[in-house]
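*Asks:* Once you've had a glance at the structure underneath, I'll fire off some questions.
The values are calculated or read from the model by the stated rules, or taken from the named source; none is laboratory data. Keep in mind that what you see is a predicted model, and the values were worked out from it rather than measured. Glycine also receives a Cβ, built like all others from the backbone with ideal geometry; neighbour counts cover every protein chain displayed. To get the accessible areas, we keep the full protein, side chains included, count just its heavy atoms, and leave off ligands, DNA and RNA. Shrake-Rupley method; radii C 1.70, N 1.55, O 1.52, S 1.80 Å.
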Amino acid sequence: MALLSTLTGIIGFGMGVPFGLLLGFYFFIYSKPKIVQEPITRRVNQLDNTALLNLLHDIPLWVKCPDYERVDWLNKIIADMWPYLNKAICASIRSMTEPMFAEYVGMFQIKTIAFENLSLGTIPPDIYGSKICETNENELVLEPAVRWAGNPNIVLVVKLLTFRITIQVVDMQILVAPRVTLKPLVPTIPCFANASVSLLKRPEIDFGLNVLGGDLMSIPGVYHIIQRTIKMQIASLYLWPQSLEIPILDPSTVAINKPVGILHVKVVRAHKLLKMDFLGTSDPYVKLNLTGESLPAKKTSIKKRNLNPVWNEQFKLVVKDPKSQVLQLEVFDWDKVGTHDRLGMQFVPLKLLTANETKEFKLDLLKHTFIADPYDKKPRGNIVIELTYAPFREESIKVDGIGDILSRKESSQDRPSENSSEVLSGAGLLSVTVQGAEDVEGLRHNNPYAVIRFRGDKKKTKKIKKTRHPLWNEEFQFMLEEPPLNDTIRIQVMSRRKGIGFHSKECLGKLDINLTDVVHNGRINTKYHLMNSKNGKIHVDIKWTTV
């Protein structure tokens, strides 16, 4: 019976296939094609709710969201550059995947893994909206919305024993909303040092996967497994706050050094200085500063008519690069009239110091920096100094951002209260950065500059002429023996014009900031409304770093 049913099936298959082919050929030849009718078009206000909901996905963001801008010009640039961008991106993909493929060679009898074809096709991605986010940091944040329905030609070949397995990616569609952060902004073309890319939400990715000529995605369940795996992998790498860091400029060319410590200098004494006055004496004093700084030099007091002066005076200098900076010492003879004569000079590289260890130096004074000068044999005396390099605490100089906030929270939970009291009792550096101002308006003129007053010290930014939105971006530093817990810093925005008159100077607004929060949090960075100003704001960044 089983044999009979098998023979019947074979006969039916043999007769059915030719009959089906003949029937299909007949309909293909003698059937008349239908006339394709023009699609019915309607105005948007004539569509019903269902049709409108189906269209919402295709409406660009610059139509739906007022904070997104239309960027057709950028899409035009990308379209013209796409052939070159395609090659550059594919080259990057090859360089990134080669070491990853190499890890699997030799495993599971795999001999080679390589791209046979790698091209993103001829259709460029489309940016259907972009917005710029304003922050208080020294950065530019862009949030474009990108979609790409491409025609890529990506073929991966895996040689397994004697088998050759081809994997092809087809019909790729991507919908992604990245956040691109350009930071820090620097005065070197292209004016930003790094680009950081992160995803605000998981991307929407759809594609076909042909393995050995068959569509793998058509297998029930495989499509959803692959989709979910890819989304989870991408999200674990680049979903905010994770990011992809792309260096743009060489760090050495755009390095903006921040303070990392304080150099304590004690000028002790000098011995056998040159006689410069008519009566055979000198009136010496010492100037000291660090190389690479534009700040005014520190000066000791003047010791009248003394060739063996004793000062025992202490100074503090801000250190930004202890490996390359050098302490420069110059001994001068003070004159009441005319220029002061230099008695000698000397240098001390900071790399000779050990952190938090005091070291005494006895230095022979030189005429100039050319130490090997054979004509400079005249003895000029010596000077004795004591140096101590005190680096800032690590928690005080961490990179600002979410990592800084999280680390601050963790440290506050892990450390006992006695450590926090220790942090609030030491010496440190107060850094005040005046970024800029907005909507400052004078009654008679607008040439704004900022004035910072703190503990009797007064510092000014540069003056910017004829503007209501000045950008200064200037930093001022105050070294303190103890935290400014009960102190207030005053910032005034002033305007000044040339000439002498009753209205040559004008106050455009002022601000008083209590520094208690700065000491406890380490930093505040915000915009403040100016008092005595209608709409004026000022952007101030204040940091407190402890030794």
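*Asks:* Please state which one of Ser294, Ser301 is of a type in the set (Gly, Ala, Ser), out of contact with any strand residue (DSSP E or B) (no Cβ under 9 Å at 6 or more places or on another chain) and closer than 30 Å to Val547 by Cβ.
*Replies:* Ser294
*Asks:* Kindly check whether there is at least one residue in the range 86-99 that is out of contact with any strand residue (DSSP E or B) (no Cβ under 8 Å at 6 or more places or on another chain) and in contact (Cβ under 8 Å) with a residue 24 or more places away in the chain.
*Replies:* yes
*Asks:* Residue check, Thr188 against (1) under 24 Å from Val146 (Cα atoms); (2) among the hydroxyl-bearing types (Ser, Thr, Tyr); (3) open to solvent by 40 Å² or more (accessible area, probe 1.4 Å), all met but one. Which one?
*Replies:* Going through the list (1) under 24 Å from Val146 (Cα atoms); (2) among the hydroxyl-bearing types (Ser, Thr, Tyr); (3) open to solvent by 40 Å² or more (accessible area, probe 1.4 Å), Thr188 breaks only (1).
*Asks:* Can you find, within the range 286-315, the residue that is farthest from Arg380 (Cα to Cα) among those that are polar (S, T, N, Q) and in a loop (DSSP other than H, G, I, E, B)?
*Replies:* Per the criteria, the residue is Ser294.
*Asks:* Taking the range 195-213, which residues are open to solvent by 70 Å² or more (accessible area, probe 1.4 Å) and in a loop (DSSP other than H, G, I, E, B)?
*Replies:* Leu200, Lys201, Arg202, Leu212, Gly213
*Asks:* Restricting to the range 81-128, name every residue that is open to solvent by 50 Å² or more (accessible area, probe 1.4 Å) and in contact with a Lys or Arg (Cβ under 8 Å, 6 or more places away or on another chain).
*Replies:* Within the range 81-128, Val105, Lys111, Thr112, Asp126 meet the criteria.
*Asks:* In contact (Cβ under 8 Å) with a residue 60 or more places away in the chain and either open to solvent by 70 Å² or more (accessible area, probe 1.4 Å) or not β-branched (Val, Ile, Thr) (or both), is that true of Asp321?
*Replies:* yes
*Asks:* A further question on this structure: Return the residue satisfying two criteria in turn: it lies in the range 97-151 and is aromatic (Phe, Trp, Tyr) and assigned to a strand (DSSP E or B), and of such residues it is farthest from Leu209 (Cα to Cα).
*Replies:* Among residues in the range 97-151 that are aromatic (Phe, Trp, Tyr) and assigned to a strand (DSSP E or B), the one farthest from Leu209 (Cα to Cα) is Tyr128.
*Asks:* Condition check: closer than 30 Å to Ile59 by Cβ, in contact with a Lys or Arg (Cβ under 8 Å, 6 or more places away or on another chain), open to solvent by 40 Å² or more (accessible area, probe 1.4 Å) and in contact (Cβ under 8 Å) with a residue 12 or more places away in the chain. Does Ile165 satisfy that?
*Replies:* No.
*Asks:* If the requirement is being surrounded by fewer than 20 Cβ atoms within 10 Å (Cβ to Cβ), assigned by the TED database to the domain that holds Leu350, modelled with pLDDT of 90 or more and of a type in the set (A, V, I, L, M), which of these qualifies: Val286, Val268?
*Replies:* Val268
*Asks:* Trp62 - would you say it is part of a helix (DSSP H, G or I), touching a Gly at 6+ places or on another chain (Cβ under 9 Å) and within 22 Å of Pro178 (Cβ to Cβ)?
*Replies:* Yes; evaluated as a whole, the condition is true for this residue.
*Asks:* Another one. Can you find a residue in the range 183-194 that is hydroxyl-bearing (Ser, Thr, Tyr), part of a strand (DSSP E or B) and either within 23 Å of Ala114 (Cβ to Cβ) or assigned by the TED database to the domain that holds Ser236 (or both)?
*Replies:* For the range 183-194, residues hydroxyl-bearing (Ser, Thr, Tyr), part of a strand (DSSP E or B) and either within 23 Å of Ala114 (Cβ to Cβ) or assigned by the TED database to the domain that holds Ser236 (or both): absent.
*Asks:* On the basis of being within 30 Å of Asp541 (Cβ to Cβ) and crowded, with 19+ Cβ neighbours inside 10 Å, does Leu263 make the cut?
*Replies:* Against the criterion (within 30 Å of Asp541 (Cβ to Cβ) and crowded, with 19+ Cβ neighbours inside 10 Å), Leu263 qualifies.
*Asks:* Follow-up. Checking the condition more than 30 Å from Thr545 (Cβ to Cβ), touching a residue at least 12 places away in the same chain (Cβ under 8 Å) and touching a His at 6+ places or on another chain (Cβ under 9 Å), which residue from Arg468, Arg444 passes?
*Replies:* Answer to the check: Arg444.
*Asks:* Now for a separate question. At pLDDT 85 or above, within 22 Å of Lys272 (Cβ to Cβ), surrounded by 13 or more Cβ atoms within 10 Å (Cβ to Cβ) and not β-branched (Val, Ile, Thr): does that describe Leu353?
*Replies:* The answer is no for Leu353.
*Asks:* Let me ask something else about it. Hand me the list of strands (runs of 3 or more DSSP E) wholly inside the range 430-547 holding 3 or more residues that are of a type outside the set (Gly, Ala, Ser), in contact with a Ser or Thr (Cβ under 6 Å, 6 or more places away or on another chain) and surrounded by fewer than 18 Cβ atoms within 10 Å (Cβ to Cβ).
*Replies:* 471-480, 505-514
*Asks:* Follow-up question, since we're still on this one. Go over the candidates Leu508, Leu530, Leu515 one by one and state the one that is under 11 Å from Pro483 (Cα atoms) and either outside the structural domain of Asn446 (by the TED database) or modelled with pLDDT of 90 or more (or both).
*Replies:* Going through Leu508, Leu530, Leu515 in turn, the sole match is Leu515.
*Asks:* Do we have any residue at all in the range 172-180 that's among the aliphatic types (A, V, I, L, M), open to solvent by less than 60 Å² (accessible area, probe 1.4 Å) and under 18 Å from the mean Cα position of the chain (by Cα)?
*Replies:* The answer is yes, given that some residue of the range 172-180 is among the aliphatic types (A, V, I, L, M), open to solvent by less than 60 Å² (accessible area, probe 1.4 Å) and under 18 Å from the mean Cα position of the chain (by Cα).
*Asks:* While we're on this one: Taking the range 129-139, which residues are loosely packed, with under 14 Cβ neighbours inside 10 Å and either touching a Leu at 6+ places or on another chain (Cβ under 9 Å) or not assigned by the TED database to the domain that holds Lys159 (or both)?
*Replies:* Across the range 129-139, the qualifying residues are Ile132, Cys133.
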